[in-house]
1. When both residues are 6+ apart or on different chains and their Cβ atoms are under 7 Å apart, which pairs have a first residue that lies in region 15-34 and is free of Cβ contacts under 8 Å to residues at least 40 places away in the same chain, and a second that is within 12 Å of the ligand (Cβ to nearest atom) and among the hydroxyl-bearing types (Ser, Thr, Tyr)?
2. Just to be sure, is Ala138 farther than 27 Å from Pro19 by Cβ, out of contact with any Asp or Glu (no Cβ under 6 Å at 6 or more places or on another chain) and open to solvent by less than 20 Å² (accessible area, probe 1.4 Å)?
3. Give the residue that is nearest to the ligand (Cβ to nearest atom), with candidates limited to residues of region 96-123 that are closer than 21 Å to Ser136 by Cα and exposed (fewer than 14 other Cβ atoms within 10 Å of the Cβ).
4. Tally up the residues in region 1-33 that are within 15 Å of the ligand (Cβ to nearest atom), in a strand (DSSP E or B) and either surrounded by fewer than 20 Cβ atoms within 10 Å (Cβ to Cβ) or of a type in the set (Gly, Ala, Ser) (or both), please.
5. Among Ala39, Ala69, which is within 18 Å of Gly134 (Cα to Cα), more than 16 Å from the ligand (Cβ to nearest atom) and surrounded by fewer than 20 Cβ atoms within 10 Å (Cβ to Cβ)?
6. Answer with yes or no whether Leu130 is more than 9 Å from the ligand (Cβ to nearest atom), touching a Gly at 6+ places or on another chain (Cβ under 7 Å) and open to solvent by 40 Å² or more (accessible area, probe 1.4 Å).
7. Give the residue that is farthest from the chain's Cα centre (by Cα), with candidates limited to residues of region 72-85 that are open to solvent by less than 40 Å² (accessible area, probe 1.4 Å), more than 16 Å from Lys96 (Cβ to Cβ) and of a type in the set (A, V, I, L, M, F, W, C).
8. Please find, among Thr132, Thr119, the residue that is under 14 Å from the mean Cα position of the chain (by Cα) and closer than 18 Å to Leu35 by Cα.
Amino acid sequence: MKILVINGPNLGLLGVREPDIYGRTTLKDVENELLAVAAEYADCELEFLQSNHEGVIVDRLNSILVDDAVDGIVINPAAYTHTSVAIADALRACSKVPAIEVHISNISSRESFRHESLTAPACVGMIAGLGTDGYSFALRALLKRLGK
Ligand code: DQA
């Protein structure tokens, strides 16, 4: 079983970027935590993608329909959450593969432009405001949903 973990723009700067909002945990730390969670399950492989480019994220989501090797998606689209019809459409196109959206911060309690997620309706659920722990909660929820 393979889970694709996608992080959008500026999330490569986790740990140094606005630490009062996003904390001091780096993206590498998050990935290592997810690898530790995956290791608790038999046959769970993770693929990580961080990109600052909308098209790169859309291309990877599209390729799921072609190579069919991904069973679930954890995605933090970052700022694209609030703007990207293209990523929302790409998630819908591969909706047979369940996706869970993660936000480190509580987007509902921040500026009003962050309140709407265009991408969350294309996902089976969303976790927001629980810090970087949200990623491992999302991975566990996804694996449970996939029968693990
Ligand atoms: C974020 C919230 C977004 O509004 C913001 O643009 C991000 C990070 C989060 O994880 O809290 O880059 O997705």
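1. Qualifying pairs under 7 Å: Gly15/Thr25.
2. no
3. Asn106
4. So the count comes out to 0.
5. Ala39
6. No; evaluated as a whole, the condition is false for this residue.
7. Ala78
8. Numbers: Thr119 fails: closer than 18 Å to Leu35 by Cα.
Matching residue, one of Thr132, Thr119: Thr132.
The values are calculated or read from the model by the stated rules, or taken from the named source; none is laboratory data. Owing to the predicted nature of the structure, the values given are computational and were not obtained by experimental measurement. Glycine gets a Cβ as well: all are built from the backbone with ideal geometry, and neighbour counts include every protein chain shown. Accessible surface areas use protein heavy atoms only, side chains included; no ligands, DNA or RNA. Shrake-Rupley method; radii C 1.70, N 1.55, O 1.52, S 1.80 Å.
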